[in-house]
Ligand SMILES: CC(C)(COP(=O)(O)OP(=O)(O)OC[C@H]1O[C@@H](n2cnc3c(N)ncnc32)[C@H](O)[C@@H]1OP(=O)(O)O)[C@@H](O)C(=O)NCCC(=O)NCCS
């Protein structure tokens with residue numbers, strides 16, 4: 001370690017969310033499949049969820065990211081890295097993160113997608129914080145974005161009632177001040193992979209008439225086993241994250257868990273003897289938005305004034321993989337949203353408009369370049385032929 005090495009910390013300095021305005025209530029769902037509002041509420045706590053219409057994973061990620069940058073007052077060209085945690089990406093490749101990078105006009109950023117299902121946001125935070133603490137990067141955008149509605153079998157009542165669409169984003173920034181992400185815990189048990197999966201569409205079971213006919217492109221889940229797994233790992237992960245951060249449980253101010261099911265959250269809260277005031281729950285409005293659920297919940301907890309500077313928070317996620325992760329942090333940023341003046345709003349609009357124009361310019365230029373290069377190669381080839389002929 002060099003003598004002038006100082007400890008770096010990764011703070012959340014910006015946050016944003018996007019949820020589609022289109023609401024699907026339990027009542028409406030019960031007209032499509034054999035279920036009822038009472039059953040869904042009792043077993044899961046969900047009342048309604050948001051379903052993307054025109055939105056896609058990238059467009060929702062972009063909106064959430066723009067809001068996070070607005071709150072942080074950071075220019076897109078200052079971003080070093082963009083991580084999109086998603087299990088419902090736009091494509092197998094290119095990465096959704098690259099699409100977001102282009103549309104943000106984040107010309108100095110690397111970008112990649114992270115596949116860890118509902119644990120993805122905590123995995124992303126862990127990576128981003130590690131890079132910031134190591135001094136590799138200073139501004140990292142971590143986004144959780146999902147459009148599970150397009151991967152659900154709307155005839156399978158055991159799964160289609162659970163999930164919803166949305167996106168949440170945070171900007172992590174390096175600083176010498178103590179605080180921000182204090183500890184992270186990640187875990188995986190791949191032996192439970194088949195308990196929650198989309199069996200086809202990857203390289204093992206590529207898309208074929210058979211896979212489509214067998215509904216293998218939809219989310220398949222063993223609900224009871226996933227439930228047992230979630231309750232088992234959640235409490236341990238929270239305890240480990242607190243311990244690694246040297247925080248006694250009594251100093252935990254707010255737990256922001258992955259929003260899958262109120263029964264799972266209540267189980268953990270009870271085991272840790274946390275009062276409801278210390279646990280944030282908003283899944284009744286959104287269902288399970290997978291990697292997006294924790295950042296969406298964080299933004300709403302801030303809006304509800306349940307996060308204040310000096311508070312100790314824990315995020316905990318769990319899901320397909322099987323995978324889990326928890327992270328303890330000390331909140332440092334004032335949560336009163338900076339007031340967006342009409343001038344700043346106009347500036348942002350102009351900036352993103354310009355990023356779009358530039359992106360289009362690059363695409364056109366690439367095509368022209370390819371055409372011209374081909375023509376030049378052909379001419380060169382001809383003159384070489386002539387040369388050889390003589
Ligand atoms: C899915 C879940 C709500 C089901 O609740 P459960 O209490 O375990 O219910 P079971 O699966 O045992 O099913 C009980 C009965 O309800 C029925 N049922 C299932 N879905 C139903 C629905 N939407 N409406 C009405 N009945 C339903 C089942 O068919 C079963 O009927 P049966 O007893 O006649 O066979 C629950 O297992 C769960 O939340 N698991 C975790 C899922 C999760 O969070 N996944 C994502 C993790 S990131």
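Only the coordinates and a few stated rules stand behind these numbers; no lab work does. Note that the structure is a prediction, hence the values are computed from the model and not measured. Note: ideal-geometry Cβ built from the backbone for every residue, glycine included; neighbour counts use all protein chains shown.
Relative to the longest principal axis of the C-alpha atoms of the chain, give the angle of the C-alpha long axis of helix 293-303, reported between 0 and 90° and rounded to the nearest 10°.
70
Per q in 0.13, 0.14, 0.16, 0.17 1/Å, what log10 I(q)/I(0) does a Debye calculation on the alpha-carbon atoms of the range 145-250 return?
With one equal scatterer per Cα and no solvent, log10 I(q)/I(0) is -0.74, -0.82, -0.96, -1.02.
Using the basic label-point model (7 angstrom from Cα toward the beta carbon), what is the residue 366 to residue 232 distance in nanometres?
For the pair residue 366/residue 232, the computed spacing is 4.6 nm.
Using only the alpha-carbon atoms, what does the range 37-97 span along each of its principal axes? Please give whole angstrom values in decreasing order.
Taking the Cα atoms of the range 37-97, the three principal extents are 49, 30, 20 Å.
If each of residue 34 and residue 198 carries a label point 7 Å out from its Cα toward its Cβ, how far apart are those two points in nm?
2.8
222 nm [θ] for the chain, helices only, -39500 (n - 2.57) per DSSP H run of 4+, per residue, to 500?
Numbers: 12 runs with 155 residues, N = 390.
Value at 222 nm, helices only, nearest 500: -12500 deg cm²/dmol.
May I ask for the percentage of alpha-carbon pairs in the chain that lie more than 38 Å from each other?
Values: 17658 of 75855 pairs.
That fraction is 23 percent.
Work out the P(r) tail for the range 255-390: percent of alpha carbon pairs separated by more than 24 Å, whole number.
On the way: 5403 of 9180 pairs.
It works out to 59 percent of all Cα pairs.
Is the shape of the range 78-229 rounded, prolate or oblate, going by the alpha carbon gyration tensor and its root eigenvalues a ≥ b ≥ c, with a/c under 1.5 for rounded and a/b larger than b/c for prolate?
prolate
Please work out the Cα convex hull volume for the range 1-157 and give it in Å³ per residue. Each step should come with its number before you reach the end.
Details: hull volume 21.5 nm³, N = 157.
Taking the convex hull of the Cα positions in the range 1-157, it is 137 Å³ per residue.
I'd like the orientation of helix 223-244 relative to the chain: the angle between its Cα long axis and the longest Cα principal axis, in ° from 0 to 90, rounded to 10.
90
How would the range 314-362 be classified by its alpha-carbon gyration tensor: rounded, prolate or oblate, with rounded meaning a/c under 1.5 and the a/b versus b/c comparison settling the rest? Please report the intermediate quantities before stating the final value.
On the way: a/c = 4.85, a/b = 1.57, b/c = 3.09.
In terms of gyration-tensor shape, oblate.
So what is the relative contact order of the chain, in percent, for Cα pairs below 8 Å that sit 6 or more residues apart? Provide the component values of the computation, followed by the final result.
Details: 851 pairs, mean separation 87.1, N = 390.
Dividing the mean separation by the residue count of the chain yields 22 percent.
Just to verify a number: FRET efficiency for residue 284 and residue 240, C-beta to C-beta distance, R0 = 41 Å, to 0.05? The partial results should precede the final answer.
On the way: r = 29 Å, r/R0 = 0.70.
Efficiency computed from Cβ-Cβ geometry: 0.90.
Using only Cα atoms, tell me the angle between helix 120-133 and the longest principal axis of the chain; keep it within 0 to 90° and round to the nearest 10.
So the helix axis and the longest Cα principal axis differ by about 70 degrees.
For a test of the definition: using alpha carbon positions, the gyration tensor, and the 1.5 limit on a/c, classify the range 169-306 as rounded, prolate or oblate.
prolate
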